């Protein structure tokens, strides 16, 4: 019989942990990160530098650098969200735990209330380890009543702005254009949480494609010179769809004190613009109750790692509650971008009307 204890033992057996840990302090919720690999701990310490704390962790995440192992389990594919293709996650539920496999990399994760383990080629896939660590904070937020949104977030003068859009809509690109402005701070890139009119971010740095970097003077130097030449030769449509992610270390690029954990949510911009449109970009305030179809751009499944306060995992067939989003946004001004994609216009509008006003 497969049990939480024997899977946890198998994932770690023969791979003793290093001394010490990386400890994150996320608004008082503390996550300790332990590993058998000092190089991985060093990388994670650099990545999470702006959140480092001290004291006793509330939970511990273990990252075990080791060869791939399928653990003699038969995994079931987790359904991708609309607009996404290919296999990504697969899972097995056992008593009090869920085991998730990343199909492309072979990384395996054990999620439970007592054991949280990432095992496999962690150094090669440190971004997946980072996502797993963030999943624990996301669980904490949701277990305490926060609502997950598929959105970027910024703050200026204690005013928070959420930016949502349909898949590939450019929310990260717009967010980074705005971040280059003085007094604008980074909140989150792809997961924004709403709670009591507050926008809460997670410690996940922006992760962007080359098309975003190629047209941003702050980011282009992150690309290798020979790669820049190759990218410039691509047709615009192919460049837009290219999936080749790079981390943007916000405070290295934009300066110190550029990251905040939360802010009062003042406005939400939904990017409903189209690449193929020839109409000028316009941004107008809307009543979201009269445009509930746009909630699809904001709503986000908690995903396979989510475990609620009763230790239960969600089903992949769970339907999201649009009413919960309407209630969470009832005191927030909602704006919609129409027409063609125009980052210059959208940046100016956000600065003048949503962030700096």
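Read-outs throughout are calculated quantities, based only on the coordinates presented, and are distinct from any laboratory measurement. Please read all numbers here as calculations on a predicted model, not as lab measurements. As a convention, Cβ positions derive from the backbone with ideal geometry for all residues, glycine included, and neighbour counts pool all protein chains shown.
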* Between residue 104 and residue 285, what length comes free when the chain is fully extended (0.36 nm per residue of separation minus the Cα-Cα distance, one decimal in nm)? -> 61.0 nm
* Structure fact -> If 161, 223, 23, 354 are placed from fewest to most neighbouring beta carbons inside 10 Å, the sequence is 223, 23, 354, 161
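Which FRET efficiency, nearest 0.05, do residue 157 and residue 198 yield, Cβ-Cβ r, R0 25 Å? Don't skip to the end; give the middle numbers.
Working: r = 16 Å, r/R0 = 0.63.
Calculated transfer efficiency: 0.95.
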* Structure fact -> Taking every DSSP bridge whose two residues both lie in region 208-357, the antiparallel percent to the nearest 5 is 55
* Asked: Going by how many other Cβ atoms sit within 10 Å of their own, how do 271, 242, 222 line up, fewest first?
  -> 242, 222, 271
* Sequence of 204, 274 once ranked by neighbouring C-beta atoms within 10 Å, starting from the fewest -> 274, 204
* **Whole-percent pair-distance distribution, where bins are 5 Å wide, for the alpha carbons of region 4-143** => 2, 10, 20, 23, 21, 14, 8, 2, 0
* Structure fact -> One would report the Cα pair-distance distribution of the chain, bin width 20 Å, in %, as 28, 59, 13, 0
* Evaluated at q = 0.21 Å⁻¹: base-10 log I(q)/I(0), Debye formula over Cα of region 213-282 -> -1.10
* Gain in span if fully extended, residue 344 to residue 74, counting 0.36 nm per residue against the direct Cα distance -> 92.3 nm
* Asked: Translational D (Stokes-Einstein, µm²/s) of region 180-312 at 25 °C and 0.890 mPa s when Rh comes from the Kirkwood sum over C-alpha pairs?
  -> 136
* Given the options 288, 64, 117, state which has the largest fluctuation in a GNM of the chain using a 10 Å cut-off (strictly under) for Cα springs. => 288
* Asked: Where does region 166-258 land on the Kirkwood hydrodynamic radius, alpha-carbon pairs, in angstrom?
  -> 14.3
* Asked: Out of the DSSP beta bridges found with both residues in the chain, what percent are antiparallel (nearest 5)?
  -> 70
* **DSSP bridge orientation in region 1-148 - percent antiparallel, rounded to nearest 5** => 70
* Gain in span if fully extended, residue 42 to residue 127, counting 0.36 nm per residue against the direct Cα distance -> 29.2 nm
* To do: Pop the C-beta distance of residue 96 and residue 301 into the FRET formula with R0 = 30 Å and round what comes out to the nearest 0.05.
  => 0.85
